[in-house]
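Heads up: the structure comes next, in structure tokens.
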Amino acid sequence: SSDFKPACVSDMFDFEELLRKRGKEWDFDNKKLIDWRWKPEINEEYWYINDIGEVWSENYNKFMPRNDYRIEIGNCFQTEEDAITARDKMAKILLNK
């Protein structure tokens with residue numbers, strides 16, 4: 001269609017910047033989108049922050065929707081230390097400290 005034009009170099013940079021802001025990258029060789037966020041394997045332990053700010057762990061199970069909800073919002077961490085750091089940063093922002 002005449003509505004489309006080839007991407008110029010600045011369009012490609014803009015596209016890559018937009019992906020980076022969303023935690024993704026385009027793999028040109030394999031022609032697929034790469035998500036930078038870590039995601040646990042089936043039955044692998046991950047850490048998250050519960051409703052009252054406690055850091056808990058759970059094993060990933062693809063049949064439990066709450067696991068995927070946590071991953072989608074970035075509440076899924078590979079280590080307890082990562083979860084504690086995220087919780088402390090979040091509290092600092094929310095409490096203006």
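Tabulated results
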quantity	calculated
Test result for D3, farther than 23 Å from A83 by Cβ and of a type in the set (D, E)	yes
Of residues in the stretch 1-45 being among the acidic types (D, E) and part of a loop (DSSP other than H, G, I, E, B), the one surrounded by the most Cβ atoms within 10 Å (Cβ to Cβ)	E44
Residues located in the stretch 57-77, provided they are open to solvent by less than 40 Å² (accessible area, probe 1.4 Å) and among the aromatic types (F, W, Y)	Y60, F77
Single residue of the stretch 39-76 satisfying the filter (aromatic (F, W, Y) and at pLDDT below 95) that is nearest to K24 (Cα to Cα)	Y69
Flag for W38 being in contact (Cβ under 8 Å) with a residue 40 or more places away in the chain and within 15 Å of the chain's Cα centre (by Cα)	yes
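The values are calculated or read from the model by the stated rules, or taken from the named source; none is laboratory data. These numbers were taken from a predicted model, which means no experiment stands behind them. Neighbour counts are summed over all protein chains in view; Cβ atoms, including those assigned to glycine, are modelled from backbone coordinates with ideal geometry. The accessibility values were calculated without ligands, DNA or RNA, using every heavy atom of the protein model including side chains. Shrake-Rupley method; radii C 1.70, N 1.55, O 1.52, S 1.80 Å.
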